[in-house]
Amino acid sequence: MEKFTKHTGIVAPLDRPNVDTDAIIPKQYLKSIKRSGFGPNAFDDWRYLDPGEPGMDNATRRINPDFVLNQSPYDQATILLARENFGCGSSREHAVWALDDFGFRSVIAPSFADIFYNNSFKNGLLPIVLDAEIVDELFKRVNAKKGYQLSIDLEAQKVITEEGDEFAFEVDGFRKYCLLNGLDDIGLTLQHADEIRAYEAKRKQAEPWLFA
Amino acid sequence: MAGKTLYDKLFESHTVRTEDDGTALLYIDRHLVHEVTSPQAFEGLRLAGRKVWRQDAALAVPDHNVPTVAADRQAGITDPVARIQVQALDNNCQEFGITEFSMDDIRQGIVHVIGPEQGATLPGMTLVCGDSHTATHGAFGTMAFGVGTSEVEHVLATQCLLQKKMQNMRINVEGTLGAGVTAKDVVLAIIGEIGTAGGTGYAMEFAGSAIRDMSMEGRMTICNMAIEAGARVGMVAVDEKTIDFVKGRPFAPAEEYWDQAVALWKELHSDEDAVFDREVTLDAAAIKPQVTWGTSPEMVVAVDGNVPDPAQESDSVKASGMQKALDYMGLTAGEAIADIQVDKVFIGSCTNSRLEDIREAAAVIKGRKVADNIKLAMVVPGSGLIKQQAEKEGLDKIFIDAGFEWREPGCSMCLAMNADRLEPGERCASTSNRNFEGRQGQGSRTHLVSPAMASAAAIAGHFVDVRDF
Ligand code: SF4
């Protein structure tokens, strides 16, 4: 997993609540058995005016000029600013892969759906929860200046604006540690293999029917 | 000290170890696998040279991509990308030694339908699947939740997951439901009440006399949509109905263990003095048949209501969301729900494709005909075994005589990954769980309803109160 320590980048405003994972990556792209290549189809229904199918050359499709990620400089954005309940809906990790593949390193919103929030950490995409009022203020600043940038300092748990304002955010200690160091969860868990085996032995005694 | 909730009990009994910040390593008893969210996980195992920790804990089935027309199924999947994905599941299960009900197996069906049907879902288990509707299995006093593909790989490799404990929320539905009002209406009413993010961060327990009176099928419908209220976990305490349902199923405890299992399962309820971080109570008698009007399940009203007006909404973010939804849905504020005409009707999905749902729908359809303006009405049973049983009861004939199509099991038009989909602008009365933009095909307009309400809409050609039908 890619490490996340500090990051500065252009912020793209996506001003609607309840952006669901079907919108982030429509289902036809879930047929892929790969983890990469979803970026050109992130927000497919909003980004293109014609229907998309896997295998199409996206460069030949009609783009929707009104959609923020099609506009310069937001096509270069690395931070997505969103409204409440971002990433609701299905568990598809493809949504995170698509955002990551597009180039996003972080999503800032007042709240996230649980599964999306969790999936983000597994892929080095940092989801940041800030108060609705702060998010609202950030929307104002981003809308007022094209190419507005934010800096994120994970170690210090701060979002820093161009004006030098700092907003603190929360993140679980364990998740932060994994992200700062780019650690693979599975490797970490397997360090406790003996404890897992001991637990299994105990359960096998108490609930033998669970073990075929 | 206050008592424990059902969720507390299950979380504790499955904790292998706890990190300093409270993150628990949680043991997973059952892992259900399907074709869409697993290929990258198996690939990850291969790349790292890892094995599956416990093969017998996993059970796999293809459901999202499979064709629902019998002839197409026999001929094989024509969409090459989908075919590769289903084949990848077959191959991965073989390579890693996991039991799979393949596409031509009579036991094949929607992953959340076959788990309980086979007794692979048992009370007291932790159960995960790379699918958000895994909450369905919570109807059995099971701690079940959806995970992403990285976590699918984590469970395959370690039989464990890293989890922070959630907060506890209880939804009490007290009293008796009116005739024609079903579990689907109850859960839509709950989501309408608390919103799609109302349960975020919570494990949700459904309680109260209306839930106790409900069949296991109804409880599954309710838990299925906990995620639509933001809760990863939805659950119902174990009672006699739970135990009766499980008894004798292929994966249920064998005779010699049965009494021991039942004794343990009877403890699977929240203690009398357990404290919930949030409680919400609904009056069952006040719940009417529900119809969603927008592009989020919380955008829901009773069938005798009207499409709401964004101008009446004081929160500006919400109002603009409502307006976007109306534009997308092609509806006008104030329009009566009963005036909305539909083009297609879909009865199926892990929310409402079990035998009870199909029987309820058939009872409405019987002896009637689908309205002329309906382009397609279809029933997609949740599993091969459900289809078989429904046919034994002659239910397929009722649907076919009325003008419905009777299909093979799968996810079908719930998410339209296969050929079953809406054309842009088409409007559907659907028994599924999500009305998101594009969910049933690009430009699709979905209205979520119960099986009885979907059936009534098929006959009338527009939404109609099934209680007067
Ligand atoms: S029926 Fe729909 S919601 Fe259920 S598992 Fe299939 S796609 Fe997901």
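The table for this structure:
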| quantity | calculated |
| --- | --- |
| Count of residues meeting criterion [within 12 Å of the ligand (Cβ to nearest atom) and either assigned to a loop (DSSP other than H, G, I, E, B) or within 12 Å of chain A (Cβ to nearest Cβ) (or both)] in the stretch B:112-154 | 8 |
| Yes/no for B:Lys184 being away from chain A (no Cβ under 12 Å) and either in contact (Cβ under 8 Å) with a residue 60 or more places away in the chain or outside any helix (DSSP H, G or I) (or both) | yes |
| Residues of the stretch A:35-48 satisfying the condition of being more than 7 Å from chain B (Cβ to nearest Cβ) and modelled with pLDDT under 95 | A:Ser36, A:Gly37 |
| Count of the stretch B:243-302 residues which are assigned to a strand (DSSP E or B) and within 14 Å of chain A (Cβ to nearest Cβ) | 2 |
| Pair list, Cβ < 8 Å and 6+ apart or interchain, from the stretch A:171-197 residues that are part of a helix (DSSP H, G or I) to residues that are among the hydroxyl-bearing types (Ser, Thr, Tyr) and surrounded by fewer than 13 Cβ atoms within 10 Å (Cβ to Cβ) | A:Leu180/A:Thr5 |
| Search result, residues across the stretch A:41-66 that are out of contact with any Asp or Glu (no Cβ under 8 Å at 6 or more places or on another chain) and either of a type in the set (S, T, N, Q) or within 14 Å of A:Leu99 (Cβ to Cβ) (or both) | A:Asn41, A:Phe43, A:Asp44, A:Trp46, A:Arg47, A:Asn58, A:Thr60, A:Asn64 |
| Any chance A:Val171 is within 30 Å of A:Pro13 (Cβ to Cβ), within 14 Å of chain B (Cβ to nearest Cβ), β-branched (Val, Ile, Thr) and surrounded by 14 or more Cβ atoms within 10 Å (Cβ to Cβ) | yes |
| Residue, surrounded by the most Cβ atoms within 10 Å (Cβ to Cβ), within the stretch B:392-417, restricted to residues that are away from the ligand (no atom under 16 Å from the Cβ) and within 24 Å of the chain's Cα centre (by Cα) | B:Phe399 |
| B:Asp8 under 22 Å from B:Gly109 (Cβ atoms) and acidic (Asp, Glu) | no |
| Options B:Ala157, B:Ala197, B:Ala189: the member that is in a helix (DSSP H, G or I), more than 16 Å from the ligand (Cβ to nearest atom), within 14 Å of another protein chain (Cβ to nearest Cβ) and surrounded by fewer than 24 Cβ atoms within 10 Å (Cβ to Cβ) | B:Ala157 |
| Residue that is surrounded by the most Cβ atoms within 10 Å (Cβ to Cβ) [pool: residues in the stretch B:40-92 that are in a loop (DSSP other than H, G, I, E, B) and of a type in the set (D, E, K, R)] | B:Asp63 |
| Only listed residue being of a type in the set (S, T, N, Q), surrounded by fewer than 22 Cβ atoms within 10 Å (Cβ to Cβ), at pLDDT 95 or above and in contact with a Gly (Cβ under 9 Å, 6 or more places away or on another chain), chosen from A:Ser106, A:Ser120, A:Ser151 | A:Ser151 |
| Among (1) within 20 Å of B:Ile459 (Cα to Cα); (2) surrounded by fewer than 24 Cβ atoms within 10 Å (Cβ to Cβ); (3) not hydrophobic (A, V, I, L, M, F, W, C) - the single one B:Ser353 does not satisfy | (2) |
| Subset of the stretch B:331-375 (residues that are polar (S, T, N, Q), more than 16 Å from the ligand (Cβ to nearest atom) and either in contact (Cβ under 8 Å) with a residue 60 or more places away in the chain or within 14 Å of chain A (Cβ to nearest Cβ) (or both)) | B:Gln341, B:Asn373 |
| Qualifying residues in the stretch B:21-37 (those that are more than 9 Å from chain A (Cβ to nearest Cβ) and closer than 23 Å to A:Ala212 by Cα) - the one nearest to the ligand (Cβ to nearest atom) | B:His34 |
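The values are calculated or read from the model by the stated rules, or taken from the named source; none is laboratory data. Keep in mind it's a predicted model, so treat the numbers as computed, not measured. Glycine gets a Cβ as well: all are built from the backbone with ideal geometry, and neighbour counts include every protein chain shown.
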